[in-house]
Amino acid sequence: MEMLNQTNNINIAKHFNLAEFACPCCKRVMLHPKLLAKLVELRDVLVRSVYITSGYRCPAYNQKVGGVVNSYHLIGLAADIQVKDISLIELLEICEEIDFSGIGFYEKKNFLHLDVRPTKPSRWRE
Ligand SMILES: [Zn+2]
Ligand SMILES: [Zn+2]
């Protein structure tokens, strides 16, 4: 059913499509507007594509990828990102300025976790 391939294929901002945030296993999706707004701001500052490597995760998928049980990916408040042609540390500095409340720095796997948790800010590195 070709029509089903269009599920979540909705542009939600100039450079983002809802499908990019959907869970890979079930296509379910939750996305907080604050997270999207900050990602749009990041995209505008970078003038480069921001690749969402993990957006919403259903509980089964989160478990499969080894996410923590209370992961912000489960409630649409988190995204993992990669950006080409910029060092991870430079990207981190820009994300600090945009003031994401949670930032995880994953040096080996070369991605940043970003979230808009409502509780106190958190920073970690792996
Ligand atoms: Zn799923
Ligand atoms: Zn993450």
Could you tell me which residue of segment 54-74 is farthest from ligand 2 (Cβ to nearest atom), considering only residues that are assigned to a loop (DSSP other than H, G, I, E, B) and among the aliphatic types (A, V, I, L, M)? V69
Do we find a residue being of a type in the set (A, V, I, L, M, F, W, C) and either under 12 Å from the mean Cα position of the chain (by Cα) or under 21 Å from E126 (Cα atoms) (or both) anywhere in segment 8-16? yes
Considering segment 75-113, residues that are among the aromatic types (F, W, Y) and over 16 Å from L39 (Cα atoms), and then whichever is nearest to ligand 2 (Cβ to nearest atom), we arrive at Y106
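Does R57 qualify as being buried (at least 20 other Cβ atoms within 10 Å of the Cβ), charged (D, E, K, R) and closer than 25 Å to N5 by Cα?
Criteria met by R57.
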Within segment 43-53, identify whether any single residue is within 16 Å of ligand 1 (Cβ to nearest atom) and touching a Phe, Trp or Tyr at 6+ places or on another chain (Cβ under 9 Å), and answer yes or no. yes
Residues (among the hydroxyl-bearing types (S, T, Y) and either loosely packed, with under 15 Cβ neighbours inside 10 Å or out of contact with any helix residue (DSSP H, G or I) (no Cβ under 7 Å at 6 or more places or on another chain) (or both)) located in segment 67-122: Y72, S87, S101, Y106, T119, S122
Looking at segment 1-44, which of its residues are under 14 Å from D115 (Cβ atoms), assigned to a loop (DSSP other than H, G, I, E, B) and in contact with a helix residue (DSSP H, G or I) (Cβ under 7 Å, 6 or more places away or on another chain)? M30, L31
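The numbers here are math on the coordinates, done by the rules we state, and not lab data. Every value quoted in this text rests on a predicted model; they were computed, and no experiment measured them. Cβ coordinates were reconstructed from backbone atoms using ideal geometry, including for glycine residues, and neighbour counts include every protein chain displayed.
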